[in-house]
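Please read the structure below before turning to the comments.
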Amino acid sequence: MPHPSQMSIDELQQIADRAGLGMTRQEVEELKPIYDLYAGYAYELHSIDFGPTEMVVQFHPDWPEE
């Protein structure tokens, strides 16, 4: 996963266009710092090495029982 700071305004504009968001260049430029912040967090999460253990999350719709 490339570091988020490597994404240019033009690349972010292309992503917004492909998603059909219809954002202006100014809106994309305003969004870029927010994108960089959250993409940095995602980058850090993806770089964690949990080793060979598997993480499992279970959801029980009837919990807690009444």
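The values are calculated or read from the model by the stated rules, or taken from the named source; none is laboratory data. Computed from a prediction, not measured in an experiment: that's the story for all the values here. Cβ sites come from the backbone with ideal geometry, for glycine too, and all protein chains shown count toward neighbours.
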Point to revise | Residues that are under 13 Å from the mean Cα position of the chain (by Cα) and among the charged types (D, E, K, R), drawn from region 35-55 | key: 36, 44
Exercise for review: Hey, can you tell me all the residues within region 22-41 that are under 14 Å from residue 6 (Cα atoms) and not hydroxyl-bearing (Ser, Thr, Tyr)?
Suggested key: 32, 33, 36, 37, 39, 40
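Does residue 51 satisfy being at pLDDT 95 or above, on the phi > 0 side of the Ramachandran plot and not hydroxyl-bearing (Ser, Thr, Tyr)? Quick ask: steps written out before the conclusion?
Working: at pLDDT 95 or above: no; on the phi > 0 side of the Ramachandran plot: yes; not hydroxyl-bearing (Ser, Thr, Tyr): yes.
Here the answer is no, as residue 51 does not meet what is asked.
Across region 3-45, what is the number of residues that are assigned to a loop (DSSP other than H, G, I, E, B) and surrounded by 14 or more Cβ atoms within 10 Å (Cβ to Cβ)?
Quick first cut of region 3-45, residues assigned to a loop (DSSP other than H, G, I, E, B) only: 3, 7-8, 19-24.
If we keep only those that are surrounded by 14 or more Cβ atoms within 10 Å (Cβ to Cβ) too, we end up with 7, 23.
Result for region 3-45: 2.
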